[in-house]
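The values are calculated or read from the model by the stated rules, or taken from the named source; none is laboratory data. Just so it is clear, the model here is predicted, and its values are computed rather than measured. Here the Cβ is made from the backbone with ideal geometry for all residues, glycine too, and neighbour counts use every protein chain on show.
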C-alpha cells in the first residue's frame, strides 16, 4: 500500500524544555545547581474522547501519540489519523481521526499495567496479536553490535546532562537513524514507532526488516512485542531481560541481546540472527 503525501496526518511541532535546573546540597554540604529531566503529563484525546495520560519528557509529543496509537493497535494505518495537535499550556494532545476508531470503548476497557518507569499500559488484546507476527529474516554481526554500543556511548544526551531518563534508538546496521529519550522506555519506543510511520512521506511506512532497536532499559514483554510490531527482529539493551520478555522473544524468534556494554553482551534468544566474531571481544574499545 502506498501512502499519499496529502493523507499523512498534520502534526504540530510543540516544544517544551527537556531539563529543569534545581538547587541541591552535595555530600560536602555545598549548594549547587543540577539539571534534572522535565517530566510532564500529556492527556491524549481521540475525537474528543479522553483516552490516556502519558508521563513524558515532551521531546516529540506528536510522534509519541502516533506511535502509542499504533502500538496499541487502535489505528491500522497512518492514513487513519487526520491530525495530532499538542498544546503544552493545557498538557493535552488532541487526535482527530478520519473515520473514528471502531469499538474504541470495548478495545480500551481492559488494560494491563506493565512494569517499568512511568507505568506503561497495554490494552488487553495486545498479547493476542503475538501469534500473528512474522518477523523478517535479518542478521547482525558482532562487529556491528559493537558499533551500535559505541555510537550510543558517544551520543550527546539528556541522560548525560541530567540523568533519570531512558533512551531508545533505531539503527540500520551501525547507522543511527533516530534517537529518543523519555522518562519511560515505552514512551521512547512509541515515539520511534511514530517516527517510522512518518519517516518516508509519499511511501509505505518504513519497514523494520534490516533495523535494530536499542534501549537503555530492560527488555520486558512490552518492549519485545512493540519491537516485533514494528517489524524489527533484533533488539539490544544495556540492561537485562525479564522472564516474560524472554518467553515472547523465543516465541517470535526475535534476537534479544542484553547487558551490552563495551565488548560484553549476552544473547538471550534468536542467536541464529547473530553472526559471532569472538576475536573482536579481545580488541580494545575505540577511544571516545
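Remarks
- Screening 16, 92 for residues that are over 27 Å from residue 132 (Cβ atoms), surrounded by 16 or more Cβ atoms within 10 Å (Cβ to Cβ) and either modelled with pLDDT of 90 or more or over 21 Å from the mean Cα position of the chain (by Cα) (or both) leaves exactly one candidate, 92.
- Considering residues of segment 20-53 that are over 21 Å from the mean Cα position of the chain (by Cα) and not in a strand (DSSP E or B) only, the residue surrounded by the most Cβ atoms within 10 Å (Cβ to Cβ): 47
- Residue tally, condition farther than 16 Å from residue 180 by Cβ and not in a helix (DSSP H, G or I), over segment 54-102: 27
- Contacts under 7 angstrom Cβ, first residue in segment 37-57 being under 17 Å from residue 9 (Cβ atoms) and in the same structural domain as residue 70 (by TED's automatic domain parsing), partner in a loop (DSSP other than H, G, I, E, B) and modelled with pLDDT under 85, 6 or more apart: 51/108
- Check on residue 69, at pLDDT 85 or above, more than 26 Å from residue 163 (Cα to Cα) and within 18 Å of the chain's Cα centre (by Cα): yes
- Selection count where residues are buried (at least 24 other Cβ atoms within 10 Å of the Cβ) and assigned to a helix (DSSP H, G or I), scope segment 159-196: 11
- Members of segment 224-264 found to be touching a strand residue (DSSP E or B) at 6+ places or on another chain (Cβ under 6 Å) and not in a strand (DSSP E or B), listed by number: 227, 232, 238, 240, 245, 246, 249, 250
- None of 11, 51, 74, 69 is touching a helix residue (DSSP H, G or I) at 6+ places or on another chain (Cβ under 6 Å) and over 15 Å from residue 158 (Cβ atoms) except 11.
- Residues that are in contact with a strand residue (DSSP E or B) (Cβ under 7 Å, 6 or more places away or on another chain), modelled with pLDDT under 65 and closer than 21 Å to residue 241 by Cα, drawn from segment 107-164: 112, 113, 114, 117, 118, 119, 121, 122
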